[in-house]
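One structure is given here, and the rest of the page talks about it.
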Amino acid sequence: MWLREQWGFPPGSEKDEYETVSEHRAVLSPSGDIVACGRIHLNSAEEAQIRHIAVDKKYRRKGVGQLILGALEVVARDLGAKRAVTNSRETSMSFFSACGFEIESKAPTELGKLKRKHMFKILVDNNVLILHPQWCKELQDTWHEKIPITEHMGIKLYQYTERTIETRASLNKNINLHGSMFAGSIFSQATLTGWGMIFLQLKQKDLKGEIVLGDGNIHYHRPITIRPRAICNIESVKARFDLLKANKKCPIELTVDIHDDDTSVASFTGKYWVIPPKKDEE
């Protein structure tokens, strides 16, 4: 209502072709009424666009807008975006500037008459450690090119420290009719996280081979309703890399812990094989 009413447009006119692939955030009053909202979607693997931030008049200038924007930036980082962009009207430019956004260029007019500026913000999370960024980018690209489901699920490599790998997925892209993540999506994220750990370990040891899943078992404890996280620690990895060096199949077992934000919700045990490359492929 706040988004279009002042311009004479009915509620719902703010919806567009990105509505179904966007993630939404809202702030509720003590009585349960929505008093602020916002939306975000990916323009590319590295850029997220923030749109439709609105705050009820009674709650303006109380930090609610910053709360919504901060929540949307968290979503952008979880999706792997390196920067956030927005097309801001003149009345909201000072708000976005105060939140770290900079003007980049002119933007198309809104509703055919409202002048806007294209603003951006580089997203930096000082608590996230990504070692060997070239390997990590190769892993992400390999997932998207050879395992397309990863992009559809919004699975991103979030952190790699040589000892730990963490992936995150989009709840919005994997949500079922109960408002939680599909069990199959949780299994897929866990499988790919283990696959990613092996991929990066092969890079670390300067080895090559084709990674395949032999068997996988998962135990679900609780549903995921907030933020899907999958974590694999090197301590859980049992591998015979010496066999791969001898040009033999290498068996690997590992464990992936699944979290909903900070709550443990499932445990996955996977048995993988690394098939050595043929001599003419080395």
> Does the stretch 191-203 contain any residue that is closer than 14 Å to Ala230 by Cα and aromatic (Phe, Trp, Tyr)?
Replying inline: yes
>> So, in the stretch 88-120, exactly how many residues are modelled with pLDDT of 85 or more and touching an Asp or Glu at 6+ places or on another chain (Cβ under 7 Å)?
In response: 3
>> Conditions first: (1) within 23 Å of Gly80 (Cα to Cα); (2) surrounded by 19 or more Cβ atoms within 10 Å (Cβ to Cβ). Ile226 passes all but one, so which condition is the exception?
In response: (2)
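Under the condition of being among the charged types (D, E, K, R) and at pLDDT 85 or above, which residue from the stretch 121-137 is nearest to the chain's Cα centre (by Cα)? Spell out the reasoning first.
Let us first name the residues in the stretch 121-137 that are among the charged types (D, E, K, R), namely 121, 125, 137.
Those still in the list that are at pLDDT 85 or above too: 121, 137.
On the way: Lys121: 17, Lys137: 14 Å.
Ranking the candidates gives Lys137 first.
Among what's in the stretch 29-43 and is within 24 Å of the chain's Cα centre (by Cα) and of a type in the set (A, V, I, L, M, F, W, C), pick the residue that is farthest from Leu79 (Cα to Cα).
Ala36
Rundown of residues vs (1) under 21 Å from Gly80 (Cβ atoms); (2) in contact with a helix residue (DSSP H, G or I) (Cβ under 7 Å, 6 or more places away or on another chain), yes/no style:
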site	(1), (2)
Gly214	no, no
Cys232	yes, yes
Lys249	no, yes
Leu254	no, yes
Thr269	no, no
Trp273	no, no
> In the list Ala54, Ala81, which residue meets the criterion of being touching a Cys at 6+ places or on another chain (Cβ under 9 Å) and modelled with pLDDT under 90?
Replying inline: Ala54
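The values are calculated or read from the model by the stated rules, or taken from the named source; none is laboratory data. Computed from a prediction, not measured in an experiment: that's the story for all the values here. Positions of Cβ are backbone-derived with ideal geometry, glycine not excepted, and every protein chain shown enters the neighbour counts.
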